[in-house]
Amino acid sequence: MATKALVAASSKPLVLSILKHGRSYGYQIIKNVEQLSGGELAWTDAMLYPVLHRMERDGLIQSEWVKLDNGRKRKYYQLTEAGGLAGQAEKRQWQKVNEALNVLWGSNPHLELG
Amino acid sequence: MDTGFDLERALQGWRRTLVQQGLEPGHIEEIEGNVLDRMEDYMKDGLSQEEAFNRSCAKSLHNAEELASEFFKATSKYGKTPPWKRKIPAFSSLPFQVKIAWRHLIKRKYLTLMHVTGLSVSLSLLLLAWIYFDHETSFDEHFKNAGRIYRLSVEYTIDGETDTYSNVPKPVAPFMKETLPGIEDAVRIKGVGRLETHTAAFWVGDKRITSNKVFAADPGFLAFFNYDLLSGNADQALLRPNTLVVSEALAIKLFGTSLALGKEVKILGREFEITGVFADTDDNTHLPVDALVSWNTYPNEGELDQWFGGHVYTYLLLDEENDVEAVKRKVPGFYDQYMKKTFDRIGGEAHFIFQPLTGIYLDPEYLWEPYPHGSQTTVYVLLVVVILLMLVTCINYINLATARSTERVKEIGIRKTLGSSRRHLSFQLFAETLLIAFFAGVITLLLAVILLPYFNQLSGINLGIYALLSLPNISFVFVLSIFVGSISSIYPTYQILSFKPIHALVRRSQHKTGKPVLRNTLIVVQYTVSLVLITAVLVVFQQTDFVKNKDVGYVKDNLLVIKIPKDDQVTRKLESFKQVLSTKPYVLGVTSADYSLSDATDQWIPSFEDPKGTIVETKMDLVKVDKDFVGTIGLQVVEGNDFNKKVVNEKAILLNETAARENGWLGQATQVKFLYEDENENPVKYRVAGVVNDFNIGVSYNHVRPLMIVLDNNSSNHVYLGLAAQEIHRSTRDLENTWKQHFPGYEFDYEFLDQELASLYHREENFLKLLTLFSVVTIFITCLGIIGLVSYVSLMRKKEIAIRKLVGSSFLGIVVLLTKNFIKLQVLAACIGLPISYYLVQKWLGYFEIRIDLNGGPFAIALCLCMFFSLLTMMLHTTRAALERPVTALRSE
């Protein structure tokens, strides 16, 4: 299981990256994250929805209620333009982190240690 | 497949949980979608709908609070901590609570008024009673060694009759100090006139000041009681004869300055040198002193060998161990060594009593007390009455608060539904209590100020308004007011908080607040207390009235008593003064006597020769009079004759009927001789001239004791004048002028005997006034409580009453319906209260030797009064309930 700090830190880039592929809704997002991480990231409702609401307030995503065929209503989220940009920024940052970690975990990291 | 699972209902439950947690409906709707999506997945895995729903919900419900908090954080513009996680001390919302409370109190004006009035009336009495109690029980505590000082009193048993004296023979103090271990010091003090007479006139040139606090004291007295000497030396001031120590106040009165050391003053015809001035002492002492004359001024008569009679007040200071019991154990040995011989001769015995200094003032008065005492009965009855009053007040408060809470069931129900916690609700109710307590406190102080003059008159304490409104007193009132309020609102608050909102809102009129057992007990207690108090008032009134109007055996009306100063200049001219008086047209008779008839008498054990010639020693009271005594005060001679007015210095005495009867001389009293030794120790026989009817000297409720009346023109401390009733006012003015012509410079000090006799019953009258005051207040408060209860009951049964009226119940029928229960309770209270009051008044009456026959009257009247007042109150209120239009009651739902 991922640590709480990591879950918190990764929630925004994950949501942005998922929504880059098209609109989605809460349960779908949770399920996708769970599958992508092989069960490592099990998001709760208490975690996801506030993140979504915060991002919406910050103008990164926008929501709309959609009436389904079975009569139920569902709230869909999709990226805004600002969200797309933020997603790219996140992507660069995480790739940097990823590269750095990969080098460190490689056989010859060329480190200068005091 | 029908499993009985209703998804829609289950969802409703789920939503409600989240609403209660504080989530907003929009958010819930969104999560609901999530729950349903997840549920569908579970169902695809083969779970039943119910299981799928439960598992799906579990995720959102199991940490619903965290869910809500996260939502709050994400959406709130004000702070990150959601309300349900904020730590708010309940009292921080107090100002707001007080505001709400204020609105409630205003809304129910009458109930609030009753609450505040009930509380403040009884609190103001409590405050004054407390001041009185504190004053009465703190006497003599200011003396430095108060805990180790004892006054010695003595109980004589002679001829099977026991008398207790507040003073003891002269040799006791020096001999006890010398011989008994454990006694550090002993001092004696006596009235400067005679034994108990501590009134004296001070002459400085032509200036004359009288004081009734003048004593002769042992040299060690000042140091013993730790007097603060402004000038002079405490150890030496009273050593020499003819020296005098005065209080600062008296010095200023005499000389206009407290620097009086070395100045000369004349008292009772003797010159004194002032050798000390002491700071004025606290006046709450059983022995207030203005001036002290040195003991050595007076010849040491009987100083070392007179072990019976010749009494002086004697105080002992025990050593540091203060073991009074050990000292007492040594007393019988002391008695055997020094006193037994004397008492064996008289055929009696003596028993010493050690009275702790601080307790003297409330102890019973023994014979020859220097000053009147406070009344322990009054103090403790007052204490009990105050406690009862507080009890009634608390009950009243509870009843009113219960009534109030009934009206508020709906409001509290709504508050609870909207999420008020118990803590906040109780705080809200507490705020109301606090507000009531505050107002009650303010009104209490106001009432106390209004009652102050009355209180001062009743208690004899001269309390000023600033002393009344001292900080401790004010805090006392507010603390007590809040305390009583809080104590009494515990139950109603508990009551109101235990309402189920659903009952409060839906089926109000069927809801029961509190068990009737408790409420009924409260009413019974209130009724009982009122009943006991009213009975007490009636009996005390009857007895006081009885003793005041009892036939004293002589004609007390229009009898004027002039007090004659003990002064040679006066005594010399007294006979001519009496002569002049007897010529006045409005004077029906003039006589003189050593004692006032409102006072006490001397007692001694004279010898008689009975008709058979046997010598008898018997205890008698003694009054010395002139030969016009019997006629002037209107006594009846029942046997023999009055004194023979023509014989000068007649050797004759009179007896009263009791003296003749107890000695078996009735019918032959004139054959009895009184045996006496004149100043040259020659035996003299006085004949008994006659027997007069029994008459009371002092209070009328004591049995008349054997009395002998002796002719003695030299003991004229009081001149009695029988006046013509029509001319009283003119005559007193004329008498004063005559007095001034005879005795210039002396105060004309007179009193009408009937008034002076009436003043003997001040204590009983004050007690009566106190009881009356308290019972009126108790009844008043009980009535308030009844009002509260009746309005409560009629509110509870509002609908019932309305329906009864609709189906034809009469007005009277409804009144009976509402009051029936109260009357039952009143009967029960009577059954409890009457025996209690019977026991208490019997006990009180026991203090009087002669008392009224206790009959059913006072009890019946008390019962009627109690019934009357409560029925009246009930009627007024039930009438209102009974007259209400049924539709008003019924349309509410």
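The table below gives the values:
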read-out: Cα-based radius of gyration of the range B:7-87 once divided by 2.2 N^0.38 Å, which approximates compact folds; value: 1.19
read-out: Size of the B/A contact, given as accessible area buried on both chains, probe 1.4 Å, in Å²; value: 1800 Å²
read-out: Taking the convex hull of Cα positions in the range B:568-745, its mean projected area over all directions (nm²); value: 11.7 nm²
read-out: Helix axis angle, B:857-883 relative to chain B longest principal axis, alpha carbon, degrees; value: 30 degrees
read-out: Pairs of lysines in the range B:160-346 (C-alpha under 25 Å apart; 8 or more residues apart or interchain); value: 29
read-out: Cα shape, chain B, gyration tensor, a/c 1.5 rule; value: prolate
read-out: Stokes-Einstein D in µm²/s, Kirkwood radius over Cα pairs - the protein assembly as shown at 37 °C with 0.692 mPa s viscosity; value: 87 µm²/s
read-out: Probe 1.4 Å, protein heavy atoms only - accessible area per residue of the range A:4-105 in square angstrom; value: 58 Å²
read-out: Accessible area of the range B:568-745 belonging to carbon and sulfur atoms, whole % at 1.4 Å probe; value: 44 percent
read-out: For B:Ser421, solvent-accessible area (1.4 Å; no DNA, RNA or ligand), Å²; value: 50 Å²
read-out: Over 23 Å (Cα to Cα) - which of B:Lys820/B:Lys843; B:Lys566/B:Lys624; B:Lys550/B:Lys624 fall in this group; value: B:Lys820/B:Lys843; B:Lys550/B:Lys624
read-out: Accessible-area composition of chain A, carbon plus sulfur, in percent [1.4 Å probe]; value: 53 percent
read-out: Alpha-carbon gyration tensor eigenvalues x 5, square-rooted, for the range A:4-105, Å; value: 26, 16, 11
read-out: Centre separation in Å (Cα based) which lies between the range A:33-57 and the range B:97-175; value: 77 Å
read-out: Helix A:81-105 vs. chain A, principal-axis angle (Cα, 0 to 90°, nearest 10); value: 30 degrees
read-out: Sequence-distant residues sharing a close amide H with B:Ser231 (under 5 Å, placed H); value: B:Val277
read-out: The range B:160-346 - percent of accessible surface contributed by carbon and sulfur, probe 1.4 Å; value: 47 percent
read-out: Shielded by partner chains, the range A:13-49 residues - at least 50 Å² of accessible area, 1.4 Å probe, vs chain alone; value: A:Tyr27, A:Asp45, A:Ala46, A:Tyr49
read-out: Cα centroid separation, the range B:285-363 to the range B:704-764 (Å); value: 35 Å
read-out: Per residue accessible area in Å² of chain B, where ligands, DNA and RNA are left out and the probe is 1.4 Å; value: 47 Å²
read-out: 3J(HN,Hα) from dihedral phi, the range B:593-603, Karplus parametrisation 6.51/-1.76/1.60, rounded to Hz, x for glycine, proline; value: 8, 6, 10, 7, 5, 8, 10, 9, 10, 6, 10
read-out: Area of B:Arg851 that stays accessible when all protein chains are in place (1.4 Å probe, Å², to 10); value: 110 Å²
read-out: In Hz, Karplus ³J(HN,Hα) per residue of the range B:527-543 (6.51, -1.76, 1.60; θ = phi - 60°; x = Gly, Pro); value: 4, 4, 4, 4, 4, 4, 5, 5, 4, 4, 4, 5, 5, 4, 4, 4, 5
read-out: Angle in degrees between helix B:49-61 and the longest Cα principal axis of chain B, rounded to the nearest 10; value: 50 degrees
read-out: Note, ³J(HN,Hα) from phi for the range B:186-191, Karplus 6.51, -1.76, 1.60, rounded to Hz, x at Gly and Pro; value: 8, 10, 10, 8, 8, x
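The values are calculated or read from the model by the stated rules, or taken from the named source; none is laboratory data. Treat the numbers as computed from the prediction; the structure is a model and nothing was measured. Only protein heavy atoms, including side chains, enter the accessible area calculation; ligands, DNA and RNA are left aside. Shrake-Rupley method; radii C 1.70, N 1.55, O 1.52, S 1.80 Å.
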